[in-house]
Amino acid sequence: MFYFWPTLRARDVRHPAFTSIFIVNFLLGWLLIPWVIALAWAYRHKKIVEPSPDEYVKCPDCRELVKADANICKHCRCKLVPQ
């Protein structure tokens, strides 16, 4: 489990280079330096958090996500009607 820590971290945060991190970890992870590099690589990407549908709505003009209680869209500055 400890050996695949970089791979598990990359999978958890949905890292765009997950496959590359896995390959480096699997083939070279038994060496200390490539394992540390893979771990640092996996931690460079922040976790993607999906916005909940209750918190955000789409702007009717630009279709970008804005907070549900907002009065003005921060992207296109159109006035929003409270839901």
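The values are calculated or read from the model by the stated rules, or taken from the named source; none is laboratory data. Keep in mind that this is a model prediction, so the values were computed, not measured. Using ideal geometry, Cβ is built from the backbone for each residue, glycine included, and neighbour counts are taken over all protein chains shown.
So the values come out like this:
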read-out	value
Failed criterion for E55 (all others in (1) at pLDDT 90 or above; (2) surrounded by fewer than 13 Cβ atoms within 10 Å (Cβ to Cβ); (3) within 21 Å of the chain's Cα centre (by Cα) hold)	(1)
Members of region 58-83 that are surrounded by 10 or more Cβ atoms within 10 Å (Cβ to Cβ) and of a type in the set (A, V, I, L, M, F, W, C)	C59, C62, L65, V66, A68, A70, I72, C73, C76, C78, L80
Counted residues, region 25-46 - those being in a helix (DSSP H, G or I) and within 21 Å of the chain's Cα centre (by Cα)	8
Selection count, region 37-83, where residues are within 30 Å of L8 (Cβ to Cβ), β-branched (V, I, T) and either out of contact with any helix residue (DSSP H, G or I) (no Cβ under 9 Å at 6 or more places or on another chain) or not assigned by TED's automatic domain parsing to the domain that holds V13 (or both)	2
